[in-house]
1. Report the Cα centroid-to-centroid distance between region 245-290 and region 291-318 in angstrom, as an integer.
2. How would you order 294-306, 110-122, 138-150, 56-68 from highest to lowest mean count of nearby Cβ atoms within 10 Å?
3. Of all DSSP beta bridges located in the chain, what percent are antiparallel, nearest 5?
4. Compute the helix-to-body angle for 14-29: its Cα long axis versus the longest principal axis of the chain, expressed 0 to 90° and rounded to tens.
5. When DSSP beta bridges are limited to those with both residues in region 6-164, what percentage is antiparallel, rounded to the nearest 5?
6. Give me log10 I(q)/I(0) at q = 0.06, 0.10 Å⁻¹ for the chain, Debye formula, one equal scatterer per alpha-carbon, no solvent.
7. Taking Cα atoms, how many degrees apart are the long axis of helix 274-283 and the longest axis of the chain, rounded to 10 and kept between 0 and 90?
8. Under 20 Å between alpha carbons, and skipping anything fewer than 8 positions from K282 in its own chain: which lysines qualify?
Amino acid sequence: MSEKNAYQKAGVDIKAGERAVDLMKDAVADTYNDQVLDGIGGFGAAFALGKGYTDPVLISGADGVGTKLLLAIAADKHDTIGQDLVAMVANDILAQGAKPAFLLDYLAVDKMRPEVVAEIVTGIAKAAKASNMSLIGGESAELPGLYAEKHYDLAAFAVGIAERQQLLSAKNVSEGDVLIGLPSSGIHSNGYSLVRQVFGVQSDDDFNQLSPETKATLLTPTALYAQSVWPVVAANLVQSMAHITGGGIIENLPRALPDNVSAEISWGSWPILPIFHELQAKGHLSLEDMLLTFNNGLGMILIVKPQQLADAMTLLTHQNQTAYVLGKITPAQNDRVVFTGNEPW
């Protein structure tokens, strides 16, 4: 006699997966617009570019959220980690001068817990909508034996659309251009292996013994810039842009610069968030370590022509986006990014 429910006994609960889809489907559908032709349920998702483009270029990105996941798992708080995921890909696409259009997510879990899965994906959907993106598909995989109990991993694959002639490029940047910095919401989603080491977090209990304020700060989701910055890009007011992720300002900003210039930034031109001062002091971290690991309060840097500065700042203000003038582009110096003024550490 054949055995029933063999797959479930092997550790994969198909019914739980179906319940998770039921719990999340409304939030996902809320991200759809007229360009979504076929969303969740098919073997592939269809998205129409529309007829408003002359020479459209697709910009794609893929990313995850790293070991920040371990803190969300420790806190059993899964509603904002999806924003970290969306921000990592949407902000990257925006930095190329493209308008984020749609994304697909991949969620792999040790065991299908419908409420947790729905909480994660609902967070992804809300952040996607806030970035004017459609969540048009993805995969939730139950992989018993591969992940530790209650552990999961997240990845996103996103696509943006741009006119070829409007793409941002390092070659557009020249001496005298101005750097505009947009504040980060916190650590964002990079450097958490060092964060956990500095705070002595090796287990869930370690994390939960931190103060409520510290736990909330460490879980603060990555800022979403697509909605507030896209109007500035669409107005052709930006030459190049850098999303400040792993490697910090000194590794990411040069990606937005040509080889014959340097970026000169003034210390004190933007507020360094308290969490970074705490990390530096608690971990006895060098200035170089801080600059190489963390965003230190800047999530995105825009490069504009001097004559564009006033219009760009005005438009950012209209979008309720705080912005700081950080410095300027100079002829090439010894370093690609040069800091002037009093060092904070």
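1. 14
2. Details: 294-306: 23.9, 110-122: 20.1, 138-150: 13.6, 56-68: 18.1.
For the peptides 294-306, 110-122, 138-150, 56-68, the packing ranking is 294-306, 110-122, 56-68, 138-150.
3. 75
4. Once rounded, the angle reads 40 degrees.
5. DSSP beta bridges in region 6-164 are roughly 70 percent antiparallel.
6. Log10 of I(q)/I(0), two decimals: -0.24, -0.64.
7. 80
8. Cα-Cα hits under 20 Å: K68, K215.
None of the figures in this text is laboratory data; all of them are computed from the coordinates on show. Everything numeric here is computed off the predicted structure, so don't read it as measured data. Because the Cβ atoms are built from the backbone with ideal geometry, glycine has one as well, and the counts that use them run over all protein chains shown.
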